[in-house]
1. Scan the stretch 1-25 for residues that are open to solvent by 50 Å² or more (accessible area, probe 1.4 Å) and closer than 16 Å to Ser65 by Cα and jot them down.
2. Inside the stretch 19-39, can you point out the residues that are farther than 17 Å from Pro57 by Cα, in contact (Cβ under 8 Å) with a residue 12 or more places away in the chain and within 11 Å of the chain's Cα centre (by Cα)?
3. Picking from Ser28, Ser58, which residue would you name as being hydroxyl-bearing (Ser, Thr, Tyr), at pLDDT 90 or above and surrounded by fewer than 16 Cβ atoms within 10 Å (Cβ to Cβ)?
Amino acid sequence: MKGSTDRMLTRIKSIYLFINERETVTTSELVEEFGITSRTVQRDLNVLEYNNLVESPSRGTWTSSKRSLKTAN
């Protein structure tokens, strides 16, 4: 894979693990934690939501969907 694709997938995985560990996070917390723009966070969350890995119980708040996920290290 291209370097940029690898970085994106690594970032998305990190965001998922962060949400899973904290249980509930806000978009602002993700922006601060990962040092990326709110637009980038939203795109990454869209990928996770599309794959049923996270859900948004209220605007700007995210939780893990508790779906079983196998991650390769």
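1. If the condition is that a residue be open to solvent by 50 Å² or more (accessible area, probe 1.4 Å) and closer than 16 Å to Ser65 by Cα, then Lys13, Leu17, Asn20, Glu21, Arg22, Glu23, Thr24 are the ones that fit.
2. The one that is farther than 17 Å from Pro57 by Cα, in contact (Cβ under 8 Å) with a residue 12 or more places away in the chain and within 11 Å of the chain's Cα centre (by Cα): Phe34.
3. Criteria check complete, one pass: Ser28.
The values are calculated or read from the model by the stated rules, or taken from the named source; none is laboratory data. As the structure is a computational prediction, the values presented were derived from the model and not from experiment. Methodologically, a virtual Cβ is constructed for each residue, glycine included, from the backbone with ideal geometry; neighbour enumeration extends over all protein chains shown. To get the accessible areas, we keep the full protein, side chains included, count just its heavy atoms, and leave off ligands, DNA and RNA. Shrake-Rupley method; radii C 1.70, N 1.55, O 1.52, S 1.80 Å.
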